[in-house]
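Enquirer: Pasting a structure here, questions to come.
The values are calculated or read from the model by the stated rules, or taken from the named source; none is laboratory data. Predicted model, so just to flag it, every value in this text is computed and none were measured. Here Cβ is always computed from backbone atoms with ideal geometry, including for glycine, and neighbour counts include all displayed protein chains. Protein only, heavy atoms only, side chains kept; ligands, DNA and RNA dropped before computing areas. Shrake-Rupley method; radii C 1.70, N 1.55, O 1.52, S 1.80 Å.
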Amino acid sequence: MTIPRIFDAPRKSFFLLGPRGVGKSTYLRLAFPDAHVVNLLAEDTYQRLLANPGLLAAELRAVPGDRWVVLDEIQRMPALLNEVHRFIEERRLRFVLCGSSARKLKRAGVNLLAGRALNRAMHPFTPEELGERFALHDALQHGLLPIVWDSEDRAETLVAYTQMYLKEEVQAEALVRNLPGFARFLPVAALFHGQTLNVTNIAREAQVARTTVTGYLEILEETLLGFQLPAYETRLRVRERKLPKWYWCDPGVVRAMKRVTTPPSPEERGALFEGLIAQLIRAYTDYRDLCDECFYWSTAAQTRTEVDFLLKRAGEFVAVEVKSGGTFAESWCKGLRALAALPGLCRRLVVYPEGPELRTADGIEILPFSRFSNLLAADALWP
């Protein structure tokens with residue numbers, strides 16, 4: 001059964017990027033059924049165009065002007081963007097340039113298409129898309145990637161996903177020289193899900209150089225498997241800058257990289273739940289402009305008072321604290337209360353897995369995950 005996505009395609013040419021298994025090709029097949037498709041994942045097509053890139057021009061000349069053209073896995077041959085550029089200009093063809101890695105595209109000069117092709121992202125499923133089929137415990141254990149969700153054996157598919165990523169994304173595209181070192185790095189980086197990004201500690205645990213870890217993290221970001229959340233800084237003195245936090249794009253991917261398939265432990269659930277919220281904020285920002293910027297907030301390092309997410313839009317802020325416990329405790333509000341004097345702060349929320357909706361005497365809202373998810377779906381997070 002096909003699950004409709006909340007992604008809205010632009011009317012002009014665009015890049016559609018997202019991690020492997022996120023459902024880009026399926027979406028495009030349904031949204032653009034009459035498009036002319038050039039699938040670079042098909043080895044015969046790839047080899048033919050690799051030997052003679054000019055063949056694409058002959059193919060595009062035969063495409064009627066009112067049809068879309070889908071170039072799937074465009075990162076495999078970034079040089080084709082020259083022909084795309086030419087046919088956008090000369091014939092006004094509209095393209096969907098689909099891929100699972102921004103790394104080679106950036107290096108090959110995607111700026112050739114600046115202003116001629118928009119940048120869009122596709123994310124794992126949201127609760128809104130899954131509706132009644134969504135279950136939080138399943139999302140935390142197996143994640144929300146369509147390739148996993150549609151599988152009869154989700155745990156087995158997650159294990160295979162790690163190998164597919166290493167083989168098809170990293171090794172095949174020659175993104176790293178030391179594949180064993182990168183394979184050691186992945187489970188270590190998974191342990192830092194939802195934590196401040198300490199490159200030195202990761203390097204020590206993975207037994208690789210610090211500069212190598214920096215490059216590996218860039219690969220995860222550019223293959224769209226992970227992202228950094230910056231700290232909110234009121235002053236820009238370099239010595240006061242805080243480390244960013246690191247998140248993977250999906251709870252199931254985190255657990256796959258750690259090579260864990262059993263149900264999440266109580267200790268594991270906190271980071272997985274926080275990461276799910278981080279990913280949903282990111283998805284709704286890309287899909288529906290939820291916020292202009294997103295940060296985490298903390299006081300001086302020695303006090304360890306934090307707020308997980310600080311969303312900014314048009315000069316106003318919404319603060320979100322995430323807790324994985326089952327019963328509300330006043331201590332959950334410590335960070336939100338420390339942040340209360342921030343100019344422009346218009347709403348303070350605590351999100352927890354399930355339970356009653358509450359409000360403290362000083363206006364902090366305590367919301368179960370389902371209510372928070374509904375606010376995102378209705379674009380009602382901002383008062």
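Enquirer: Six or more apart or on different chains, Cβ atoms under 8 Å: show the pairs whose first residue is in segment 182-209 and under 12 Å from LEU243 (Cβ atoms) and whose second is open to solvent by 10 Å² or more (accessible area, probe 1.4 Å) and basic (Lys, Arg).
Expert: THR196/LYS242; VAL199/ARG210; THR200/ARG210
Enquirer: For GLU128, work out the one condition from (1) open to solvent by less than 50 Å² (accessible area, probe 1.4 Å); (2) at pLDDT 95 or above it doesn't fulfil.
Expert: All conditions are met except number (1).
Enquirer: Which residues, counting only those in segment 131-150, are open to solvent by less than 30 Å² (accessible area, probe 1.4 Å) and assigned to a loop (DSSP other than H, G, I, E, B)?
Expert: Listed by number, the residues that qualify are ALA135, GLY143, LEU144, LEU145.
Enquirer: Looking at segment 255-270, can you tell me whether even one residue there is farther than 30 Å from PHE15 by Cα and touching a strand residue (DSSP E or B) at 6+ places or on another chain (Cβ under 9 Å)?
Expert: Yes, that holds for at least one residue.
Enquirer: Select from segment 227-251 the residues that are modelled with pLDDT of 95 or more and either among the hydrophobic types (A, V, I, L, M, F, W, C) or surrounded by 17 or more Cβ atoms within 10 Å (Cβ to Cβ) (or both) and list them in ascending order.
Expert: Residues satisfying the conditions are PHE227, LEU229, LYS245, TRP246, TYR247, TRP248, CYS249, ASP250, PRO251.
Enquirer: Here's another thing I want to ask about it. Filter segment 53-80 down to residues that are in a helix (DSSP H, G or I) and either of a type in the set (Ser, Thr, Tyr) or modelled with pLDDT under 90 (or both) and give me whichever is farthest from LYS24 (Cα to Cα).
Expert: Residues of segment 53-80 in a helix (DSSP H, G or I): 55-61, 74-76, 78-80.
If we keep only those that are either of a type in the set (Ser, Thr, Tyr) or modelled with pLDDT under 90 (or both) too, we end up with 75-76, 78-79.
Details: GLN75: 14, ARG76: 16, PRO78: 18, ALA79: 22 Å.
The qualifying residue farthest from LYS24 (Cα to Cα) is ALA79.
Enquirer: Would you tally the residues in segment 166-205 being in a helix (DSSP H, G or I), buried (at least 20 other Cβ atoms within 10 Å of the Cβ) and at pLDDT 90 or above?
Expert: 6
Enquirer: Hey, among the residues in segment 50-101 that are surrounded by fewer than 18 Cβ atoms within 10 Å (Cβ to Cβ) and polar (S, T, N, Q), which one's nearest to ALA35 (Cα to Cα)?
Expert: Selected residue: ASN82.
Enquirer: How about segment 280-314: which of its residues are in a helix (DSSP H, G or I) and open to solvent by less than 10 Å² (accessible area, probe 1.4 Å)?
Expert: If the condition is that a residue be in a helix (DSSP H, G or I) and open to solvent by less than 10 Å² (accessible area, probe 1.4 Å), then LEU280, ILE281, ALA283, TYR284 are the ones that fit.
Enquirer: Do you know which residues across segment 206-218 are of a type in the set (Val, Ile, Thr) and open to solvent by 50 Å² or more (accessible area, probe 1.4 Å)?
Expert: THR211, THR214
Enquirer: Also: For the subset of segment 106-125 comprising residues that are buried (at least 21 other Cβ atoms within 10 Å of the Cβ) and modelled with pLDDT under 95, which member is farthest from ASP153 (Cα to Cα)?
Expert: Applying the filter and picking the extreme gives LEU113.
Enquirer: On the given criteria, is LEU140 touching a Lys or Arg at 6+ places or on another chain (Cβ under 7 Å) and modelled with pLDDT of 75 or more?
Expert: When the stated conditions are applied, LEU140 passes them.
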